[in-house]
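Throughout, read-outs are computed from the coordinates displayed, never taken from laboratory work. It should be emphasised that the depicted structure is a prediction, and the values quoted were computed from it without experimental measurement. Backbone-built Cβ (ideal geometry, glycine too); neighbour counts: all protein chains shown.
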Amino acid sequence: MTTTISRLYSSYERASQAVRDLEAAGVPHGDISIVSNNADNWYSGNGTTKRVDRDRDGTDDRAEGAGAGAGIGAAVGGTAGLLAGLGLLAIPGVGPVVAAGWLAATAAGAAAGAATGGIVGALTQAGVSDEDAHTYAEGVRRGGTLVSARVSDAAASKLEGVLDRSSLRTTDLRTTYQKSGWKSFDDNAKPYSADEVRKHRSSWQ
């Protein structure tokens, strides 16, 4: 039997490290998914030309990594795992995202008219509770990065520990959202602007 585990991160960098940790722990990249808000265009793709600017300094991180002789460039551009398959798409209520993996494909199908209900539907269809699915979707809408993995029941507890290392606490997020009047994720809502996304990300640091 398998179960789906998910966590939200304040930055793509932390989430991508979680993805690499899952792969290192033996989770096939086909069972992992990542969805990251791209309202501020930190990642852009146009044909074969892509820019990855996770630290948002205006310089392609891969070029910086190559100049430094290691690190970011290889991690983003050279991996044979999930992160090599990043692509751009739009999710209702969230807006532009950078994503890869099975969850992204399901959510994109919903955007194209399937009956799965966008990112919330994709998560609940995978077994995530309705309450958590709405919180995760809202977290991505506000600038977060979601990592989800399909894992065996026997390995779930250990792998949740891997994901917990630098993730945001779901219950804390939900409480914060509810204090401002939020009730649930609305896929008909207007996506957050780049400035709003940056503001939310800074509040998580």
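Table for the structure above
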{"quantity": "Pairwise FRET efficiency - Asp153 versus Lys199, Cβ, R0 = 45 Å, nearest 0.05", "calculated": "0.70"}
{"quantity": "Dimensions in Å of the stretch 123-205 - Rg and Dmax from alpha carbons", "calculated": "13.8, 42"}
{"quantity": "Peptides ranked, highest mean first, by Cβ atoms within 10 Å: ranges 170-182, 13-25, 144-156", "calculated": "144-156, 13-25, 170-182"}
{"quantity": "Geometric extent, Cα atoms of the stretch 1-44 - Rg, Dmax (angstrom)", "calculated": "11.9, 39"}
{"quantity": "Sites Glu160 and Asp130, calculated FRET efficiency, Cβ-Cβ separation with R0 30 Å, nearest 0.05", "calculated": "0.95"}
